[in-house]
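Read-outs: derived from the displayed coordinates by stated rules, not from any lab. As the structure is a prediction and not an experimental result, all values here were calculated from the model. Every residue, glycine among them, receives a Cβ derived from its backbone with ideal geometry; neighbour counts consider all protein chains shown.
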Amino acid sequence: MTLLPATPLAELAAAAAGGLRDAFGSDATLTAAAPGRVNLIGEHIDYCDGFVMPFALDRAVVIAATTNGRGEARIGSTAGEVAVIPLAEPVEPGQPKWANYVRGVIRGFQDRGLAVPGFDAWVVSSVPMGAGLSSSAALECATATLLEGLTGSSLATREKALLCQRAEHVFAGVPCGIMDQFASAFGEADRLVLIDCRSGEPTLVPFTDPGLTVIVANTNVHHELTDGGYAARRKNTEDGLAILGKSSWRDVTMADVEAAWERLGDPVNRRSRHVVAEIARTVAAARALEAGDMAALGPLMTASHESLRDDFEVSCPELDTMVEIAGRIGGDGGVIGARMTGGGFGGSTVTLCDSGRAEAIAARLHADYLAATGIRPEIFASRPAAGARLIAGPGLQPGQGAG
Ligand code: GLA
């Protein structure tokens with residue numbers, strides 16, 4: 001079987017509780033979970049007032065914790081060394097770096113006047129890291145959910161997502177849009193999270209057809225959004241909008257971009273073309289999905305990938321190879337469409353396909369990609385899953401939310 005199964009949440013929770021016990025000798029009293037995401041279409045336009053259509057994966061970050069009666073948080077993970085975070089003062093970025101997502105979220109609570117008590121925590125994750133699947137947003141949203149439990153205060157979902165986004169901006173230095181944190185916070189089983197990034201409103205769109213499967217193929221080419229490529233793309237779009245003299249990309253037409261092509265200059269003109277076209281494609285894809293028009297959806301995904309590759313320049317040879325293999329399998333082999341997903345520069349592709357062919361498609365993606373690149377990919381299928389929530393703690397029945 002090529003499609004890797006998801007580790008059940010209860011198993012992740014047990015591993016997190018075990019880690020907490022081994023590291024700090026205490027039993028978990030609260031456990032929070034938050035998923036990664038995959039984006040079907042609408043890439044690099046969440047920070048351009050666009051539309052995006054991600055869903056929460058059945059892969060998640062799980063944190064088991066308990067208060068420790070100290071003035072500090074101690075947080076461990078199999079992924080790095082234990083972080084000790086003093087809580088008496090406003091928290092600042094520090095070492096180890098992986099814990100800056102946690103620090104940034106704690107700071108968001110402090111800034112809201114919510115006193116965070118000392119706690120010990122252990123983090124486990126089934127979201128592949130650096131794979132364009134929002135492992136960092138999952139860590140932020142799981143931390144925020146845990147802190148809601150620890151402080152006894154519950155934030156509105158939107159505020160929680162924005163708090164997490166700010167943690168990413170200020171503590172990780174990535175000027176991300178709102179897609180990842182919204183998908184992780186608002187996600188629901190069997191629902192896509194269609195986000196209008198101008199109004200900041202998510203709409204939950206049913207995605208229940210058992211005949212459709214979403215395959216995620218991690219190229220295992222590591223992606224790092226902190227190294228400047230992401231920020232540079234965002235800056236290109238800000239420059240483009242300023243040159244066009246508009247206040248929102250939603251008010252820009254393709255004719256506007258074409259008329260200003262020379263003034264925009266390269267690469268800002270191509271970046272601008274991507275933004276305007278991708279917004280239109282995402283709107284069209286949402287309509288096609290609603291109408292069950294798969295014939296329309298495939299070409300939109302293909303065009304999205306080509307635009308990200310050629311105009312936005314955030315793809316890489318391995319992502320292109322994976323998408324090309326899906327293209328060769330084609331409609332006859334059950335592929336509806338394929339494209340890179342997430343920030344790019346490595347990471348994963350998303351392939352929409354007929355469920356009956358999913359296993360065969362995954363096997364072919366695996367074999368042909370390995371043959372072409374020498375790299376073993378990691379391939380799984382996911383249905384839309386629940387967003388961030390407490391899965392164990394006071395007031396929750398054993399197993400509640402952990403399904
Ligand atoms: C990263 C960012 C998101 C979004 C995507 C590209 O995942 O965190 O805000 O911009 O890249 O669509």
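Quick one: net charge around Leu241, please, counting Lys, Arg +1 and Asp, Glu -1 for every other residue with C-beta under 15 Å from its C-beta.
After counting each charged neighbour, the total is +3.
What's the exposure ranking of Met340, Met254, Met129, going from fewest to most Cβ atoms within 10 Å?
Values: Met340 30, Met254 12, Met129 16.
Ascending Cβ contact count within 10 Å gives the list Met254, Met129, Met340.
Computed on alpha carbon atoms, what radius of gyration and Dmax characterise the stretch 267-363, expressed in Å?
Here Rg and the maximum Cα pair distance are 13.4, 42 Å.
Whole angstrom only: what separates the Cα centroid of the stretch 324-357 from the Cα centroid of the stretch 230-268?
29 Å
Evaluate E = 1/(1 + (r/R0)^6) for Ala295 and Ala79, where r is the Cβ-Cβ distance and R0 equals 51 Å; express this FRET efficiency to the nearest 0.05.
Once rounded, the FRET efficiency stands at 0.75.
What number comes out for the charge environment of Thr151, summing +1 per Lys or Arg and -1 per Asp or Glu over other residues with Cβ under 15 Å away?
Neighbourhood net charge equals 0.
Round to the nearest 0.05 the FRET efficiency obtained for Glu359 and Thr208 when R0 = 25 Å and r is the Cβ-Cβ distance. Mind showing how you got there, number by number?
Details: r = 21 Å, r/R0 = 0.82.
Result of the calculation: an efficiency of 0.75.
Considering amide H positions built from the backbone, and no H for Pro or chain starts, which residues 5 or more places from Phe119, or on another chain, come under 5 Å of its amide H?
So Phe119 has HN proximity to Asn68, Glu72, Ala73, Arg74.
By how many degrees, 0 to 90 and rounded to 10, does the Cα axis of helix 268-291 deviate from the longest principal axis of the chain?
80 degrees
Using the Karplus curve 6.51 cos²θ - 1.76 cosθ + 1.60 with θ = phi - 60°, work out ³J(HN,Hα) for each residue of the stretch 60-71 in order, rounded to whole Hz, and write x for Gly and Pro.
8, 8, 10, 10, 9, 8, 7, 5, 10, x, 10, x
Nearest 500 deg cm²/dmol is fine: what mean residue ellipticity at 222 nm does the chain get from its DSSP H runs of n ≥ 4 alone, each adding -39,500 (n - 2.57), divided by its residue count? Working shown, then result.
Numbers: 12 runs with 164 residues, N = 403.
Here the helix-only value at 222 nm equals -13000 deg cm²/dmol.
Full-extension gain between Asp266 and Glu92, please, as 0.36 nm times their residue separation minus the C-alpha to C-alpha distance.
Contour length minus the Cα-Cα distance gives 58.8 nm.
Restricting attention to the alpha-carbon atoms of the stretch 1-155, what are Rg (one decimal) and Dmax (integer), both in Å?
My reading of the Cα-based Rg and Dmax gives 15.9, 51 Å.
Please turn the phi angles of the stretch 169-181 into ³J(HN,Hα) values with the Karplus equation 6.51 cos²θ - 1.76 cosθ + 1.60 (θ = phi - 60°), one per residue in order, whole Hz, x for glycine and proline.
4, 8, 9, 10, x, 9, x, 6, x, 9, 4, 5, 5
Per the Kirkwood formula on distinct C-alpha pairs, the Rh of the chain is how many angstrom?
Working: mean 1/r = 0.0467 Å⁻¹.
After inverting the pairwise mean of 1/r, the radius is 21.4 Å.
Separation of the stretch 34-100 and the stretch 102-150 by C-alpha centroid, Å?
Between the Cα centre of the stretch 34-100 and that of the stretch 102-150, the gap is 4 Å.
I need the phi-derived Karplus couplings for the stretch 233-243: 6.51 cos²θ - 1.76 cosθ + 1.60, θ = phi - 60°, integer Hz, Gly and Pro marked x.
5, 4, 4, 3, 6, 5, 4, x, 5, 5, 5
Counting Lys and Arg as +1 and Asp and Glu as -1, what is the net charge of the other residues whose Cβ lies under 15 Å from the Cβ of Leu390?
Once all neighbours under 15 Å are counted, the net charge is +1.
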